[in-house]
1. Restricting to segment 22-46, name every residue that is aliphatic (A, V, I, L, M) and farther than 14 Å from residue 94 by Cβ.
2. What are the residue pairs meeting all of these: first residue in segment 51-62, first residue modelled with pLDDT under 95, second residue open to solvent by 90 Å² or more (accessible area, probe 1.4 Å), Cβ atoms under 8 Å, and 6 or more apart or on different chains?
3. Of all residues being free of Cβ contacts under 8 Å to residues at least 12 places away in the same chain and open to solvent by less than 50 Å² (accessible area, probe 1.4 Å) in segment 75-98, which is farthest from residue 35 (Cα to Cα)? Just the residue, please.
4. How many of the residues making up segment 50-68 are open to solvent by 50 Å² or more (accessible area, probe 1.4 Å) and under 17 Å from residue 89 (Cβ atoms)?
5. If a residue must be more than 17 Å from residue 47 (Cβ to Cβ) and of a type outside the set (A, V, I, L, M, F, W, C), how many such residues does segment 75-92 contain?
6. Among the listed residues 36, 28, 42, which satisfies the condition of being under 26 Å from residue 108 (Cα atoms) and touching a residue at least 60 places away in the same chain (Cβ under 8 Å)?
7. The conditions are (1) open to solvent by 70 Å² or more (accessible area, probe 1.4 Å); (2) under 14 Å from the mean Cα position of the chain (by Cα), and residue 31 fails exactly one of them. Which is it?
Amino acid sequence: MSWVEASLPVCDWWRHHWMDATHPMIRLQQAWMASLVEATQLEAEFLSICAMANSRVASCFADPRALRNPAVLSRCYQDAAKEVVDAQGARIDRVTRLPKEFRQRLWEEIC
């Protein structure tokens with residue numbers, strides 16, 4: 001038997017355990033990436049709400065009747081501002097939960 005054939009079981013054993021050692025790191029990286037994707041989605045949703053509110057305000061400013069009536073213009077602006085403030089509140093609430101969810105994902109991967 002050659003030394004190559006004799007060392008194959010040891011190489012297979014080493015390769016198997018080497019791959020086992022990388023799996024936890026891959027799972028941890030996947031948990032981190034899932035949290036990153038979630039945070040990016042939160043920001044995209046918030047920016048979408050801001051864009052829609054901005055569009056409504058712009059349409060109010062483009063309406064000549066709304067420009068002549070300060071109450072209508074004020075109401076349009078206040079509705080858009082309230083929507084953005086509510087979205088910001090929801091965004092902050094969800095962002096404060098991200099670290100806890102990330103720690104929970106990591107803990108699940110470790111255990």
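1. Taking segment 22-46 as the starting set, the residues that turn out to be aliphatic (A, V, I, L, M) are 25-26, 28, 31, 33-34, 36-37, 39, 42, 44.
Residues satisfying the conditions are 25, 26, 28, 31, 33, 34, 36.
2. That search, which allows pairs on different chains as well, returns 57/77; 60/77; 61/67.
3. Looking at the filtered set, the residue picked out is 89.
4. The total comes to 1.
5. 5
6. Being under 26 Å from residue 108 (Cα atoms) and touching a residue at least 60 places away in the same chain (Cβ under 8 Å) holds for just one of 36, 28, 42, which is 28.
7. In the conditions (1) open to solvent by 70 Å² or more (accessible area, probe 1.4 Å); (2) under 14 Å from the mean Cα position of the chain (by Cα), residue 31 misses (1) alone.
The values are calculated or read from the model by the stated rules, or taken from the named source; none is laboratory data. Bear in mind that the values here come from a model prediction, so they are computed numbers and not experimental data. All Cβ positions, glycine included, derive from the backbone under ideal geometry; neighbour counts span all protein chains shown. These area figures cover heavy atoms from the full protein model, side chains too; ligands, DNA and RNA do not enter into them. Shrake-Rupley method; radii C 1.70, N 1.55, O 1.52, S 1.80 Å.
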